[in-house]
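Undergrad: Here it is, the structure, as structure tokens.
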């Protein structure tokens, strides 16, 4: 078993890690850490508000038994030789400081943006750009680390990159316009999105989100070449909005391709890709990597986000775009807290282990 | 005073008409009509569910005194010589049959789609394409009617066309991509959108909506030439979605222009247009025809839909598009039940009266 | 296997039946029926809106394979000797006419109110008033039927009666005040609750609901005596409201007992009752019949409604009432579409079969 | 003009004060104060998030011109002789420290709970217990202050006490059971209620709220006697819940009276009280102090909270209670941020000025 630490274990994403790693066949959580305020407490006790008695646990599943009595350690206190792999669920400022401390000795899989845009750091989506994992070796040498930092993309990039990949491979990509309608869980919980702001409303702005998606999509879909990533040769323009949805990002995508493509061809390209996706034999891989609806009222975040445990990217409304000479438009739903976060990170860990990059 | 009839007076849009015409300086409601089931009843009585006692009135304002005791007539029973102007709030199938009955004798201003796409019928937005009103004369002659049918656009087209107009005039338009996040009130109330479907959800499909917007925008922004409308020379591609918002459509727009345009130039083009808009002296014209926010978190439907009584189109997030060589992107909010419906229709009636087209 | 028919199979509750009976060890769906408009169509086809292509399926689970190609029959067309048990998901007016047609020959388990208040009809909650099933024999004789009609209570009564039962048994009941905050799914879907009415709102009135709960609770908790039900000797006063929740009714309950009771005693009475509940060995019985939270912020409908597949009544905030000399107050959550509807009906069918009342 | 300071001017309640005092005929805002972080900044600048540019202003009305360029002072830095009246919008811990600093010299009207339960402090609702203002003199003497602290009740108590008062006066009160369904705005904004917690949900617990309402109602409705408040002789039991509503608390009330009362009598008692309410000639007094609906689907928070600018308590569903020998039940809506907060505080200030208690 790979010995695992979860850093930031009490927050929303940290809780997703705790649930995702319950009974995992390859990974065993041996350490959990949180902010100084919680360190030294039992996990279930740390979740309990001492004044009100309210338990701050936000998953549909119960708190797994294995973690209830584990003692939270301080975030930078875990001994390097006691873990083989570190999952982090930190905000970007903390990640900048804490992740390198671990990466010196141990592989780190991160949900934070802190290192995503460094030249020697790949942004990994298991099943999409597995060959970028080779950049981790470059990073190791370059930084003189025993471990590395392997970040996931922003949760809004995930579904977009996954659905663009089969189109890129088959038809080439030229231009992409995307408007996201993002769930409130993407903003975390404290403070997160205030109910007062989002009820009966759309907030048309998520600071820094659009820039992230625009940069990440072409990095992820680029080529690993000559020990570096060569960005993909297409452009992305986004408008990112927040809507009154709990979980599941919805994205309306308009794509200009380089070659002629009909909706039926795009559908079959996606389904073929899904069928043969590299990661299909990993322990937590979903039955469908991409699912395509014919019902024009789908995908809907409430109905589709939980498909295959939130690991499937669900597509619908595939239709010819009427502006581009060669083009397609569609809508996707991707679970921002599952494939776009902790469960995607666990899937990435499985990929890295299957390639002997972690052990 | 112009003597007015409101056809379909008990529905959501009909109620908006009743409120919008209260104390109007030029128009006096002399007849109200509804379906056979309600005909013969007093207006306030017809709104009352006889079983539960619940009153089906959906406006924030109280039922105006002037209408409470008016008797609802049957929809096709109003004598032609007793009214000078008919406002209709009917669904498209009913409009197809009923509007021509009135138009033979009397001008009809319609919120329905039934006649919008006929060659001799303009789609009118007061302040945007006033010169298209000349097509009403062509229609009269062509159909041998004393009156005419003057439809408003679909409520989703309204804000888009209003914001594109100053861009078209100053920079030219080439391509437009738009994703709408539409309010539930746009679907009416019975049955309307079921709470069960839209809570915690986005519905990415509104039947026929995208086609309407794509056609209407280029017709509205076309030129009246040679007794016909010459469609504008640009293309529009939309994805229309429904979100958990009560009132106010939000639209994320990506625009490719023919000439170079900077966000600041687009802002000043919009504000100039707004300042000099043709309809600014009409009785119910809003103080701002277009308003542009600098706060990047605006416009938001809940905060901005009611600006100037719901007649202002509110814009924000004006920024350079990073895909087009010449391009701009922005977000708009337009009140679908006000400027996009009854209040827009009243404003149109004022325009037609000021041009002596109705009297 | 018991051969089963589901009448009203395409509606929201009907769909719950279809899902609940998938792979059931004792029951096999052999007939499904719906309104004339759908009769003759395959089930999956009948769910598809022919204009928009939208599929009207409202469960989180997919449409079970077994039912997809079954042909919908007309509601009153199923041959008596081809089924052993009929589940109905009809509105009350239809139930009044259709249920007796079947009951002449076959046991009918009903979610409708049509016959609930007849003297020879028990209102059954499996695990609460199993001895009332004896009234079904009285009904048979009295009406000269081979079958019978066995209705569930209103979904708002279910959780209330379940939680009152252990209190009644241990401490006696005198007076009960209850305010419900009910989910929109309780009103069905067409038209159901309009999004326009319930967003950002509470509707403090559900026609006839309070009267139902007030009558049903004392009938259910009464004694079967002398071939009739003797109503329980306490009073219930309710205010029933609708809130912006998809599924799961929340109820705030104030109880005056006949004997002294402390919160801890009520908790243990509930847990004891749950542990020894009569139905605990039936195939779909939940692991917990009643669950009691210590976390004061629970139960919450979104977090607790799905406990044990929606069959558990979840209680919290058990505390001394400060008005009554002997009293207790608490909050409960009960899944109106599961224990309060189709899944409760299936559990009832299992109870009746285990008692050889159906076979 | 009375010179006024608003302490805590940038928060949600502080903003309500800023709006409520715009163009007030008697009060002029001369000082505004906020936390140290904002002190020294112009008001409109302090509302602007320096990173995102988002403006944290939460009212439907624009920021009033008079305040935009006022400089925020430090919370405890305002010179005593420069103001005649201080409004505070602080949390309870800050209020405990800061309010006495001002009260030594100046009358303080407070929305915080810090001093509400002290024997020499009245809890004031203008129009309900005006005679309790005499306790302010006792307080002054007792504490040796020139000013005093005059707190409003908790926003959930306000509507309850207002509607109980006419019942108490006419029929006497014995026992009251109340379940509240409270709006999210009652919890403020940072952090306030997380969207993630309240969407599609009810939270059945608001720490300390029930105790506050239970104590405050009998203090407010008590008698001023012998230089002290004699608590009213009835009992209140509450369950306080949070629902997915932006503004406006809904309360379901069950009342046992001492004398026989019919719904029609209670209605007329409320309307009579409203008609003759003491404060009806004050500048911001609402046209209706209490309004009673006959439509059984009312009051609804979205439709009724803004009646008369949020100062009216709206009642409906008045009906006989079926448990009590003498009893009544009803539902009320009260705007927690208006009558229950800043606008109620301004009305109280008007009352105190009209009685020459402030000048």
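Since every read-out is calculated from the coordinates, none of them should be taken as a lab result. Bear in mind the structure is a predicted one, so any value in this text is a computation, not a measurement. Glycine also receives a Cβ, built like all others from the backbone with ideal geometry; neighbour counts cover every protein chain displayed.
Undergrad: Could you tell me what percent of the DSSP beta bridges with both partners in segment B:155-334 are antiparallel, to the nearest 5?
TA: 70 percent
Undergrad: On average, how many beta carbons from a partner chain sit within 10 Å of the beta carbon of a residue in A:242-255?
TA: Partner-chain Cβ atoms within 10 Å, mean over residues of A:242-255: 6.
Undergrad: Shortest first and in nm with one decimal, please list how far the residue A:231 label point sits from its counterparts in the other copies (point 7 Å along Cα→Cβ).
TA: 3.7, 6.9, 7.6
Undergrad: Calculate the mean, over all residues of peptide D:171-177, of how many other protein chain Cβ atoms lie within 10 angstrom of the residue's Cβ.
TA: 3
Undergrad: Oh, and also: If each label sits 7 angstrom from Cα along the C-beta direction, how far apart, in nm, is residue A:60 from its counterparts in the other copies?
TA: 0.3, 3.7, 3.7
Undergrad: Given the options B:233, B:308, B:201, state which has the largest fluctuation in a GNM of chain B using a 10 Å cut-off (strictly under) for Cα springs.
TA: Result for chain B, Cα springs under 10 Å: B:201 fluctuates most.
Undergrad: Continuing with this model, one more query. Angle between the Cα long axis of helix C:263-275 and the longest principal axis of chain C, 0 to 90 degrees, nearest 10?
TA: Roughly 30 degrees between the two axes.
Undergrad: How crowded by other chains is B:205-218, given as the mean number of beta carbons from other chains within 10 Å of each beta carbon?
TA: 2
Undergrad: Share of antiparallel DSSP beta bridges in chain A, in percent to the nearest 5?
TA: Antiparallel: roughly 45 percent of the beta bridges in chain A.
Undergrad: Next up: Compute the label-point distances linking residue B:211 to its equivalents in the other copies; points lie 7 Å from Cα along Cα→Cβ; give nm, one decimal, shortest first.
TA: Relative to the other copies, residue B:211 has label-point distances of 4.3, 4.8, 6.4 nm.
Undergrad: Roughly what % antiparallel, to the nearest 5, for the DSSP beta bridges in the protein assembly as shown?
TA: Bridges in the protein assembly as shown are about 45 percent antiparallel.
Undergrad: Moving on. How many nm separate the modelled label positions at residue D:118 and residue B:62, each set 7 Å beyond the Cα in the direction of the Cβ?
TA: 4.3 nm
Undergrad: Counting only Cβ atoms, what residue of chain D lies nearest to the axis that sends chain D onto chain B, and how many whole Å off?
TA: Spelled out as residue then distance in Å, it is D:200, 2.
Undergrad: Let me ask another. When chain C is modelled as a GNM with alpha-carbon springs shorter than 10 Å, which of C:116, C:305, C:140 fluctuates the most?
TA: Highest fluctuation among the options: C:140.
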